[in-house]
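Read-outs: derived from the displayed coordinates by stated rules, not from any lab. A quick note: this is a predicted structure, and the numbers were derived from the prediction, not measured. Positions of Cβ are generated from backbone atoms using ideal geometry, with glycine treated the same way; all protein chains shown enter the neighbour counts.
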Amino acid sequence: MPKRKLVKIETIRSLFNLANDQLGSSLSQAMKEQICFNLERLLHDTGYYRGYNYNYWLDIGCEKWNKSGQFEGHKERYIIGPEGVEEKQNENFVSARQGEYSRTYYIHSELH
């Protein structure tokens, strides 16, 4: 059985905030994918994972959808952004808001 290690809540909170800041910056989708993978692993392993949402949806897509009342065209254009859909397979695609790995993560309330 592997040894259990303790991590301070302040450390988890700090890593969480840093990761969310980086996911909202102009890094490539390949770099953001690695951040997502590691952040999800940390949060799942510690029991603090509470999901995520896409930055484009939070900033623009939801408002557009609410105005029209329905998805016009492909719904991913509202969720990860029109450029995010076009560049989905491009690991070098850079956007602070659009793309599959431009996300905002949520954590358990006791960490706030």
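So here's what we get for this one:
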| item | result |
| --- | --- |
| Highest-MSF residue in the chain out of Ser26, Ser68, Ser102 [GNM, Cα springs under 10 Å] | Ser68 |
| Positive-pole candidate from Ser14, Ser102, Cys62, dipole of the chain, charges at beta carbon | Ser14 |
| Fluctuation leader among Tyr52, Tyr78, Tyr101 - the chain, Gaussian network, Cα springs under 10 angstrom | Tyr52 |
| Between 0 and 90°, nearest 10: helix 29-46 axis offset from the chain longest Cα axis | 40 |
| Cα gyration tensor category, rounded, prolate or oblate, for segment 57-111 with a/c compared to 1.5 | oblate |
| Contact order relative to length of segment 9-107, as percent, for alpha carbon pairs under 8 angstrom and 6 or more apart | 42 |
| For the chain, built as a Gaussian network whose Cα springs stay under 10 Å, the top-fluctuating residue of Gly61, Gly73, Gly24 | Gly73 |
| Point-charge dipole on Cβ atoms (K/R +1, D/E -1) for segment 9-107, about Cα centre, debye to 20 | 240 |
| Nearest 10 degrees, 0 to 90: helix 9-23 Cα axis against the chain principal axis | 20 |
| Cα-based convex hull volume of the chain per residue, rounded to whole Å³ | 122 |
| Total lysine pairs whose alpha carbons fall under 20 Å of each other in the chain (8 or more apart, or interchain) | 4 |
| Per-residue Cβ neighbour rank within 10 angstrom, fewest leading, Ile60, Ile9 | Ile9, Ile60 |
